[in-house]
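Novice: Take a look at the following structure, please.
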Amino acid sequence: MALHEGLKAHLAGGLTTLCRAWAITRADGTEMGFTDHDRDLSFEGLAFCADTGLSAMALQQGTGLAVDNTEAVGALSDAAITEADILAGRFDGAGVRAWLVNWADVAQRQLLFRGTIGEMRRVDGAFQAELRGLSEALNRPFGRVYQAPCTAVLGDASCKFDLDQPGYHWEGPVLAVEETSTVTLDGDGAFEPGWFQRGRLEVLSGAAHGRYGAIKRDVPVAEGREIELWEPLRAQVAVGDVVRITAGCDKRMETCRLKFNNLLNFRGFPDLPEDDWLIVNPSKSGQGTGGSRR
């Protein structure tokens, strides 16, 4: 990467006025800017706030496909990165950009790092965030898997099923909450028991707005229907918060045909031979009619 000419000349001058700046873009579109300088900076349409306690360790960068990595550390603040937002996962996978900047002339700057936030840890009123480089995405496997169940995610580009059509989703307020993994909903009684099992619950309002989870259990109760998630939402859900639940799919061909009428887009191999068929001994009779193998 070529060094910015203005910054290069500034470094060659011997007396420098340098600082670092970071921009964080969360999945919900929220953008935040930070700098280790003692006054605020502004460039690329974003304000970079000073005195936020955010700093970064030295970058570890390699050639080829080696994963660039570093860590950002800072203090939790009600005005910037809060403990509640970290617990709610609002910074999971957030985009990160880091610059070396001449604070006396912010036009002289160099982008040093671009990546995402990985694991975040909280310790004694502070946080520590792992930063992952762009090449991290190359470590993920791609391609289809040769297996009997469907490999598509319900409603994605491979499945092509429209979950917004009537009968496959429900929206309404929460009637009761047990911790953050079980809620009671009205459900109107219009859906069969288990209709939403293996589906998804998304919170549309309240402190947990934007959080979602996979549905483990969907059973009728006296008040309506009880929805239990596989994992807590990591944010508090309150009575009256509006949620959306969508129908679940167990990845079987029969479910794709009968529940969703979407067999044309089924992405599994239902006729895949089982292991016992693959290792069976050849027929002694030399016939392959499906009868006795003696």
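Novice: Quick check on segment 115-153: of everything there that is charged (D, E, K, R), surrounded by 15 or more Cβ atoms within 10 Å (Cβ to Cβ) and assigned to a strand (DSSP E or B), which residue is modelled with the lowest pLDDT? Before you say what the answer is, go through the steps one by one.
Specialist: We begin by selecting, within segment 115-153, every residue charged (D, E, K, R); these are 119, 121-122, 124, 130, 132, 136, 140, 144.
Checking which are surrounded by 15 or more Cβ atoms within 10 Å (Cβ to Cβ) leaves us with 130, 132, 136.
Imposing the further condition that a residue be assigned to a strand (DSSP E or B) reduces the set to 130, 132.
Values: Glu130: 77, Arg132: 80.
Per the criteria, the residue is Glu130.
Novice: Suppose the filter is in contact with a Gly (Cβ under 7 Å, 6 or more places away or on another chain) and not assigned by TED's automatic domain parsing to the domain that holds Asp85; does Ala238 pass it?
Specialist: Numbers: in contact with a Gly (Cβ under 7 Å, 6 or more places away or on another chain): yes; not assigned by TED's automatic domain parsing to the domain that holds Asp85: yes.
The answer is yes for Ala238.
Novice: Does Gly268 satisfy the criteria of being surrounded by fewer than 13 Cβ atoms within 10 Å (Cβ to Cβ) and either modelled with pLDDT of 95 or more or in a loop (DSSP other than H, G, I, E, B) (or both)? Spell out how you get there, then give the answer.
Specialist: On the way: surrounded by fewer than 13 Cβ atoms within 10 Å (Cβ to Cβ): no; either modelled with pLDDT of 95 or more or in a loop (DSSP other than H, G, I, E, B) (or both): yes.
So Gly268 fails the test.
Novice: Moving on to the next point. Determine, yes or no, whether Leu11 is at pLDDT below 90, aliphatic (A, V, I, L, M), more than 29 Å from the chain's Cα centre (by Cα) and within 17 Å of Leu112 (Cα to Cα). Quick ask: steps written out before the conclusion?
Specialist: Values: at pLDDT below 90: yes; aliphatic (A, V, I, L, M): yes; more than 29 Å from the chain's Cα centre (by Cα): yes; within 17 Å of Leu112 (Cα to Cα): yes.
Taking the combined requirement at face value, the residue satisfies it.
Novice: While we're on this one: Just one of (1) farther than 17 Å from Arg244 by Cα; (2) outside the structural domain of Gly33 (by TED's automatic domain parsing); (3) assigned to a strand (DSSP E or B); (4) not aromatic (Phe, Trp, Tyr) trips up Gln110, so point out which.
Specialist: Just one mismatch for Gln110, condition (2).
Novice: Yes or no: segment 239-257 includes at least one residue that is exposed (fewer than 15 other Cβ atoms within 10 Å of the Cβ) and under 14 Å from Thr180 (Cβ atoms).
Specialist: Residues of segment 239-257 exposed (fewer than 15 other Cβ atoms within 10 Å of the Cβ): 239-240, 242, 250, 254, 257.
From what's left, under 14 Å from Thr180 (Cβ atoms): 239.
Yes, segment 239-257 contains at least one residue that is exposed (fewer than 15 other Cβ atoms within 10 Å of the Cβ) and under 14 Å from Thr180 (Cβ atoms).
Novice: Can you confirm whether segment 108-120 contains a residue that is hydrophobic (A, V, I, L, M, F, W, C) and under 30 Å from Val219 (Cα atoms)?
Specialist: Keep residues of segment 108-120 that are hydrophobic (A, V, I, L, M, F, W, C), which gives 111-113, 117, 120.
Those still in the list that are under 30 Å from Val219 (Cα atoms) too: none.
No, that holds for no residue.
The values are calculated or read from the model by the stated rules, or taken from the named source; none is laboratory data. Model, not experiment: these values are computed from the prediction. Ideal geometry is used to build each Cβ from the backbone, glycine not excepted, and the neighbour counts take in all protein chains shown.
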